[in-house]
Amino acid sequence: MPRSIWKGVVGFGMVAIPVRLYLATETQSKVSFNLLCPQHDSRIKNKRWCLEGDHEVAWNDTVRGYEYEKDTYVKLEDEDLDRLQLSSSRAIDIAGFIKDEELPGPLYYQTAYYLEPEKAAAKPYALLKKTLEKTGRIAIAKFALRERERLVSLRALDGALVLNTLHWPEEIRSAEELDLPEDVKVTAKEVAMAENVVEAMAMEFDPDEFKDEYKEALMKIVEAKVQGREDIVAPAEEPETTVVDLMAALKASVEKAKRGEKAGGRSARGSERETKRSASTSRTARRRAS
């Protein structure tokens with residue numbers, strides 16, 4: 001486990017739970033590029049440049065500035081930020097508990113973190129986790145991280161407390177800004193056929209079944225160019241964008257899904273999941289035994 005990025009307490013009523021905060025995710029699929037000079041094929045470096053004095057400024061010499069009028073700034077030092085009287089800078093104070101379905105996750109969720117209890121806080125941590133599991137609720141709180149106060153949620157997941165930073169309500173754009181069609185008539189027969197497509201393609205979500213094909217394809221191109229080869233992977237076919245007969249497309253979708261199932265698609269995925277689940281259980285048992 002990497003180093004924690006924050007230490008503080010979770011305030012659960014009158015109960016204080018000392019915890020450490022860890023990032024729950026890491027980016028592995030991203031392929032990083034460097035910007036190069038087209039003439040020398042050498043890396044380009046970014047410099048912090050003062051436009052007024054026409055000179056470079058070292059990173060350690062920069063100061064924070066807030067523009068309160070056009071081209072007019074007030075400077076803020078570290079000491080100014082330390083004087084912020086926010087309890088959320090040292091504690092995650094739970095404001096209340098809501099039902100999971102009350103939080104529109106697809107719009108609000110940002111980054112996920114794990115909360116780990118300090119050794120002396122094992123019991124109150126377990127109590128909060130078990131209570132959230134039993135009630136089916138999630139906690140809503142505020143806390144300050146990296147010079148920003150954030151709205152967050154806490155839930156029990158896989159034996160741990162997971163904290164998600166959330167967008168503030170004013171950061172959520174309204175769908176009213178979109179040019180959405182109105183009064184579109186969909187027949188009962190079309191809905192029924194679409195439901196057949198959904199049922200034919202129903203599956204249990206197993207993240208291990210998915211992989212980053214873009215990264216793999218990109219690395220093939222990189223390897224080919226490093227080796228001086230020109231037999232680079234052919235471009236993918238353009239997706240069909242023409243609006244076709246809806247019922248015909250739905251029927252074809254059902255048939256395609258059924259053919260995939262007969263070829264062992266769903267059953268094979270199921271048995272593969274069972275194999276992976278058994279292997280995961282065995283690994284967990286070995287770790288606990290050791």
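Check the stretch 97-111 and report whether any residue there is at pLDDT below 90 and touching a helix residue (DSSP H, G or I) at 6+ places or on another chain (Cβ under 9 Å).
Looking for residues that are at pLDDT below 90 and touching a helix residue (DSSP H, G or I) at 6+ places or on another chain (Cβ under 9 Å), one finds none in the stretch 97-111, hence no.
Of the numbered conditions (1) crowded, with 19+ Cβ neighbours inside 10 Å; (2) modelled with pLDDT of 90 or more; (3) of a type in the set (A, V, I, L, M, F, W, C), residue 160 satisfies every one except a single condition; which is it?
Of everything listed in (1) crowded, with 19+ Cβ neighbours inside 10 Å; (2) modelled with pLDDT of 90 or more; (3) of a type in the set (A, V, I, L, M, F, W, C), residue 160 misses just condition (1).
Which fully enclosed helices (runs of 4 or more DSSP H) of the stretch 174-270 have 1 or more residues being over 29 Å from the mean Cα position of the chain (by Cα), within 25 Å of residue 32 (Cβ to Cβ) and modelled with pLDDT under 85?
On the way: elements: 188-200, 213-226, 246-262.
In the stretch 174-270, the matching helices (runs of 4 or more DSSP H) lie at 213-226.
Can you run down the residue pairs with Cβ atoms below 7 Å, 6 or more apart or on separate chains, where the first is in the stretch 182-207 and touching a residue at least 24 places away in the same chain (Cβ under 8 Å) and the partner is among the hydroxyl-bearing types (Ser, Thr, Tyr)?
Final answer for the pair search is 197/253.
State whether the residues of the stretch 137-152 include one that is assigned by TED's automatic domain parsing to the domain that holds residue 20, among the acidic types (Asp, Glu), without any contact (Cβ under 8 Å) to a residue 40 or more places away in the chain and out of contact with any His (no Cβ under 7 Å at 6 or more places or on another chain).
Taking the stretch 137-152 first, the residues assigned by TED's automatic domain parsing to the domain that holds residue 20 are 137-152.
This time we only want the ones that are among the acidic types (Asp, Glu), so: 147, 149.
From the residues that got through so far, the ones that are without any contact (Cβ under 8 Å) to a residue 40 or more places away in the chain too are none.
No, because not a single residue in the stretch 137-152 is assigned by TED's automatic domain parsing to the domain that holds residue 20, among the acidic types (Asp, Glu), without any contact (Cβ under 8 Å) to a residue 40 or more places away in the chain and out of contact with any His (no Cβ under 7 Å at 6 or more places or on another chain).
Of the residues 123, 129, 45, 75, which is without any contact (Cβ under 8 Å) to a residue 60 or more places away in the chain, of a type outside the set (Gly, Ala, Ser) and under 24 Å from residue 3 (Cβ atoms)? Steps first, please.
Values: 123 fails: under 24 Å from residue 3 (Cβ atoms); 45 fails: under 24 Å from residue 3 (Cβ atoms); 75 fails: under 24 Å from residue 3 (Cβ atoms).
Unique residue meeting the criteria: 129.
Out of the stretch 88-103, which residues are exposed (fewer than 11 other Cβ atoms within 10 Å of the Cβ) and farther than 23 Å from residue 134 by Cβ?
Step one: filter the stretch 88-103 for residues exposed (fewer than 11 other Cβ atoms within 10 Å of the Cβ), giving 96, 99, 101-102.
Selection gives nothing.
Just for the stretch 105-156: of the residues that are in a helix (DSSP H, G or I) and among the polar types (S, T, N, Q), which one is surrounded by the most Cβ atoms within 10 Å (Cβ to Cβ)?
131
Name the pairs whose Cβ atoms lie under 8 Å apart, with the first residue in the stretch 22-40 and under 30 Å from residue 117 (Cα atoms), the second at pLDDT 80 or above and among the acidic types (Asp, Glu), and 6 or more positions between them or separate chains?
That search, which allows pairs on different chains as well, returns 22/116.
Quick check, is residue 195 under 30 Å from residue 249 (Cα atoms), surrounded by 10 or more Cβ atoms within 10 Å (Cβ to Cβ) and in contact with a Leu (Cβ under 7 Å, 6 or more places away or on another chain)?
Values: under 30 Å from residue 249 (Cα atoms): yes; surrounded by 10 or more Cβ atoms within 10 Å (Cβ to Cβ): yes; in contact with a Leu (Cβ under 7 Å, 6 or more places away or on another chain): no.
Taking the combined requirement at face value, the residue does not satisfy it.
Yes/no per residue for (1) among the hydrophobic types (A, V, I, L, M, F, W, C); (2) surrounded by 10 or more Cβ atoms within 10 Å (Cβ to Cβ):
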{"position": "37", "(1), (2)": "yes, no"}
{"position": "40", "(1), (2)": "no, no"}
{"position": "45", "(1), (2)": "no, no"}
{"position": "49", "(1), (2)": "yes, yes"}
{"position": "61", "(1), (2)": "no, no"}
{"position": "72", "(1), (2)": "no, no"}
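The values are calculated or read from the model by the stated rules, or taken from the named source; none is laboratory data. Because the structure is a prediction, the values reported are computed rather than measured. Note that we place each Cβ from the backbone using ideal geometry, even for glycine, and neighbour counts take in every protein chain shown.
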